[in-house]
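Notes follow the structure.
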Amino acid sequence: MQNKVLLGYFFIIGTAFFTAFSYIFGKKVSDYLFPEVVAFYWFLGALIVAIFKRGIFSLFGFKFKVPLSDIGKYKKVMILTSIITVFGAASWVVALRIIGPPATSFLMKFQVLFAVIFGVIFLGERLTKIEIGGMLLTILGGLLVTFNSTSIELLGSLYAISAAFFYSILFIIVKKIASDLNMIMVATLRSMGVVIIGFVYLLISDKFQMPNFYDFIMILLGGTCGAFIGKAFQFQAIKLVDVSRTTAITPLEAVFVVLLSYIFFDTIPDTLKLFGGLLIVLGVILLLVFRKGNID
């Protein structure tokens with residue numbers, strides 16, 4: 001059991017690392033591309049890598065092959081996760097462009113807050129005083145991150161929180177209906193579903209665009225790190241530890257994002273935003289450490 005938990009935390013750290021890099025590559029993509037277009041190619045890149053580079057995951061104990069007779073078991077999770085991901089990914093791209101990687105990453109930590117709220121509403125879980133304090137710290141931190149923002153920055157913050165909401169639902173669904181399935185296949189079919197939905201939408205809305213070579217490489221790298229490797233690692237972690245523990249990636253991810261933003265863009269959030277981000281991280285840690293129940 002202990003080895004299982006340790007392996008789960010290994011995947012959690014890997015998720016934080018690769019997801020943080022997806023923020024950097026996502027920010028490097030040119031703004032002339034529609035957010036929906038970025039999301040489409042993002043998951044197309046992840047799907048390509050999943051199909052042609054799956055061997056690397058055998059190093060981590062993943063088995064990609066799934067009997068054809070079992071494919072039907074993935075239909076429900078593919079449809080649900082794909083639809084939710086479309087909304088979450090598009091919101092994330094918009095937030096990333098408007099408020100940048102660090103602020104987006106800080107506000108994405110609201111995933112934990114939403115997970116706790118869902119537990120109270122749908123599972124009848126009760127909150128301790130410490131958990132309530134953690135929620136208040138998280139909300140206060142969010143207010144500080146958005147304090148003195150322009151109207152467009154507030155809109156970007158709203159998109160970031162919306163993305164957190166959708167991804168919180170995503171992982172609850174994975175835990176509920178896919179805990180006994182192959183997580184690499186779940187991640188691959190999710191990417192495939194997003195590609196199909198995105199392609200149909202872009203054709204109908206007449207928004208289809210072809211990225212230049214540089215943007216395509218950035219999207220390919222970002223999609224590979226975030227949409228495939230990062231999510232496959234997190235889905236695998238969900239199988240080993242409970243959902244509330246897998247959200248431990250969120251504080252660690254924020255640290256990676258701030259460091260990488262400084263390395264790649266030579267930028268760092270102002271003191272107030274950093275303090276707000278710190279409060280969010282502290283609030284999330286309180287929710288994770290002192291959470292009695294979990295969303296199973």
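Remark: the PHE10-GLN209 segment gains 67.8 nm on full extension, using 0.36 nm per residue and subtracting the alpha carbon distance. Sort out for me the Cα centre separation of region 119-146 from region 219-242, rounded to whole Å. About 26 Å separates the Cα centre of region 119-146 from the one of region 219-242.
Across the cross-link table entries LYS27/LYS129; LYS76/LYS109; LYS27/LYS175; LYS175/LYS207; LYS28/LYS109, which are compared at the Cα atoms, the separations over 32 Å belong to LYS27/LYS129; LYS175/LYS207. Fully extending the segment from ASN148 to THR128, taken as 0.36 nm per residue of separation minus the present Cα-Cα distance, adds 4.0 nm.
Here the Karplus curve 6.51 cos²θ - 1.76 cosθ + 1.60, taken at θ = phi - 60°, turns the phi angles of region 136-143 into couplings of 5, 4, 4, 5, 4, x, x, 5 Hz, with x standing for Gly and Pro. Ranking of VAL49, VAL29, VAL257 by neighbouring Cβ atoms within 10 Å, starting from the fewest: VAL49, VAL29, VAL257. Semi-axis lengths, largest first, of the ellipsoid equivalent to region 2-289 are 27, 25, 17 Å, with √(5λ) applied to each eigenvalue of the Cα gyration tensor. Let me make sure I get this right: for region 1-43, a, b and c are the square roots of the gyration tensor eigenvalues over alpha carbons, sorted descending. Under 1.5 in a/c it's rounded, otherwise prolate if a/b > b/c, else oblate. Which is it? It comes out prolate by the Cα gyration axes.
Sparse packing (at most 12 other Cβ atoms within 10 Å of the Cβ) combined with a DSSP loop state is found for the following chymotrypsin sites (Phe, Trp or Tyr not before Pro) in region 74-151: PHE147. Look at THR138, THR271 and count the other Cβ atoms within 10 Å of each Cβ; fewest to most, that gives THR271, THR138. In order along region 167-177, the Karplus-derived 3J(HN,Hα) couplings, from 6.51 cos²θ - 1.76 cosθ + 1.60 at θ = phi - 60°, round to 6, 5, 4, 4, 6, 5, 4, 4, 5, 6, 10 Hz, and Gly and Pro are given as x. Among LEU6, LEU221, a tally of other beta-carbon atoms within 10 Å of each Cβ gives an order, fewest to most, of LEU6, LEU221.
Modelled spin labels at LEU278 and TYR262, positioned 7 Å past Cα toward Cβ, are 1.3 nm from each other.
Just so you know, all these numbers are worked out from the coordinates, no wet-lab data involved. These numbers were taken from a predicted model, which means no experiment stands behind them. Reconstructed Cβ throughout: ideal geometry from the backbone, glycine too, with neighbour counts over all protein chains shown.
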